[in-house]
Amino acid sequence: METFIVLDTETTNSIDDPIMYDIGWAVIDEEEKVLVTRSFVVEEVFMNLELMASAYYAEKRSMYWDDIEDGSRVMAPLFEIRKQLKEDCERYNVQFICAHNARFDSRSTRLTQRYLTKSAYRYFMPYGIEIWDSLKMARKAFANDEAYTAFCDEHNYYTARGQKRYTAEILYRFLTGNNDFQESHTGLEDVMIEKEIVFACFERGVINGKLYD
């Protein structure tokens, strides 16, 4: 392993057919150094008021405008965002792209690409790049971790079926010891906590997180 990307999307429309309006990523090396970060707002989606009305975090729209104005986020057409991701993968020799619940993020990028191009272009992720899932990794890395089990017991972090939960927010609370931590639910900010989960999985011996084995 040399260099990889952690990526996160925020979406509108529905859970089953997510359309992304926010995408962030960080290029990271094996020594945990962040080489570059990107934070984009998808212009065609964000400027569609009807589509954005169904966004789960629609109330944050004014915050996004503030960030765009101060330069901390860039609003750009999907074509330019995809081009930047491809360029970063090539420039930094990226080995894989990782997301927490990568099945969802992979679907949101793909459906957004198809929706905005009327299926003229069907795939957003650069060709040949492996997709990894840190949620899948965490389920392996922390399943038998006694400290994590005790943490879940203490705070009742279980599903309705009695299974331990492995959300990025809960995992980060465990790793930092800060049970008051609240996930931002914005692309780049969530990436910066999810990268810590990836390295925690590596430390526990889980060094392969391919979404599709």
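Just so you know, in the stretch 51-80 the residues that are under 24 Å from Arg122 (Cβ atoms) and modelled with pLDDT under 95 include one that is surrounded by the fewest Cβ atoms within 10 Å (Cβ to Cβ), and it is Ser54.
Scoring Pro126 on the criteria (1) out of contact with any strand residue (DSSP E or B) (no Cβ under 9 Å at 6 or more places or on another chain); (2) part of a loop (DSSP other than H, G, I, E, B) leaves a single failure, condition (1). Only one of the numbered conditions (1) farther than 25 Å from Val45 by Cβ; (2) of a type outside the set (Val, Ile, Thr); (3) surrounded by fewer than 12 Cβ atoms within 10 Å (Cβ to Cβ); (4) out of contact with any helix residue (DSSP H, G or I) (no Cβ under 9 Å at 6 or more places or on another chain) is not met by Glu130, and that is (3).
Among the residues of the stretch 87-110, those that are out of contact with any helix residue (DSSP H, G or I) (no Cβ under 6 Å at 6 or more places or on another chain), within 12 Å of Leu211 (Cβ to Cβ) and not in a helix (DSSP H, G or I) comprise Phe96, Ile97. Report yes if Ala120 is in contact (Cβ under 8 Å) with a residue 24 or more places away in the chain, of a type in the set (Gly, Ala, Ser) and either under 23 Å from Thr12 (Cβ atoms) or part of a helix (DSSP H, G or I) (or both), otherwise no. No, not satisfied.
The values are calculated or read from the model by the stated rules, or taken from the named source; none is laboratory data. Bear in mind the structure is a predicted one, so any value in this text is a computation, not a measurement. Positions of Cβ are backbone-derived with ideal geometry, glycine not excepted, and every protein chain shown enters the neighbour counts.
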